[in-house]
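**Q** I am attaching a structure below and will ask some questions about it afterwards.
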Amino acid sequence: MLFRSDPLIRWMVSPDAPADLGVGSRIAADGANVAWLGRATRPQEAWVTGIGDDAAATAHLVEQLADENPIDGVTVSEAVFPLLPPRLQSPDPGRWCLWTLDPGTWDSGRFRGAVELDLDDPRIARLLQHSTSAHTFPGDPRIVRWAGVEDEDRLLSVAGMTWEPSGAAHLLSVCTEPAHRGRGLAQTACALLIDRAVEEGAPIIVLEMYTANESGRRAYSALGFSEVGRYCSGLLEHALRDVPGN
């Protein structure tokens, strides 16, 4: 694949993946710059993703695909976003970053106390109501494991895991009950998932978070993750009008 050195493409996108993750044949490329149609937040949405060394060239590729196809949203690296034409700049972009952890550096003895949860544990959905960033929930067939920290029958913190087509273990939907935040419970839940991913041979562990999430930054740094890329994602103005509640 083009530009495989970019961590987003290397670990989270595959040409053999389903339509919502794969790049298919709808690709525009210019040297080490590439844009593709396909990565979507919801199945009914069409998104263009653009990644590259040259921000101006990448912005041009995104515009080219948007001219050729009806699209609802755009994901680009942080440097590309201000170079997009106004019609392709989301009025409410999410600014997020990708983090990775090398399994060879993982110390499995530092965090203890989490348990594996049933995939359909009803407490998970109730806890995730406190999250402003969770986009994967119980019932999603991609989820292979949930881990949590309990206090008797009460679930205080939770984290989920999926496998990417690349083989990467992807941590997501990390959430702690507001009254119990700041105690390292999310780290403990994530640590159990990392243990399992390492045991099962994951070449890398990845996660995404909002760039401004300073508590998440401290927690994931303590686990050994490193930030490897910053991106902007957002629905275009016409698509935002169709989102319930807007």
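**Q** Six or more apart or on different chains, Cβ under 8 Å: which pairs go from a residue in the range 57-75 that's under 21 Å from L8 (Cα atoms) to one that's open to solvent by less than 10 Å² (accessible area, probe 1.4 Å) and of a type in the set (F, W, Y)? Could you list them?
**A** L65/W36; T75/Y231
**Q** In the range 176-211, which residues are more than 21 Å from Q129 (Cβ to Cβ), of a type outside the set (D, E, K, R) and open to solvent by 60 Å² or more (accessible area, probe 1.4 Å)?
**A** Hit for the range 176-211 is P203, nothing else.
**Q** Separate question: Among the candidates A179, A186, single out the residue that is of a type outside the set (K, R), assigned to a helix (DSSP H, G or I) and more than 21 Å from S108 (Cα to Cα).
**A** Residue meeting the stated conditions: A179.
**Q** Right, something else. Specify the residue that is surrounded by the most Cβ atoms within 10 Å (Cβ to Cβ); the eligible residues are those in the range 1-37 that are modelled with pLDDT of 80 or more and assigned to a loop (DSSP other than H, G, I, E, B).
**A** Among those that are modelled with pLDDT of 80 or more and assigned to a loop (DSSP other than H, G, I, E, B), it is D6.
**Q** To continue, here is another question. Can you tell me which condition S221 does not meet? The list is (1) open to solvent by less than 30 Å² (accessible area, probe 1.4 Å); (2) under 20 Å from the mean Cα position of the chain (by Cα), and all the others hold.
**A** Single failed check for S221: (1).
**Q** For the range 61-113, which residues satisfy the criterion of being assigned to a helix (DSSP H, G or I), surrounded by fewer than 20 Cβ atoms within 10 Å (Cβ to Cβ) and not charged (D, E, K, R)?
**A** Q64, P82, L83, P86, P103, G104, T105
**Q** Looking at (1) modelled with pLDDT under 95; (2) more than 30 Å from R241 (Cα to Cα), can you tell me which one I71 breaks?
**A** Status for I71: all satisfied but (2).
The values are calculated or read from the model by the stated rules, or taken from the named source; none is laboratory data. No experiment lies behind these values; they were computed from the predicted model shown. Note that each Cβ is placed from the backbone with ideal geometry, even for glycine, and that neighbours are counted across all protein chains shown. For accessibility, only protein heavy atoms count, side chains too; no ligands or nucleic acids. Shrake-Rupley method; radii C 1.70, N 1.55, O 1.52, S 1.80 Å.
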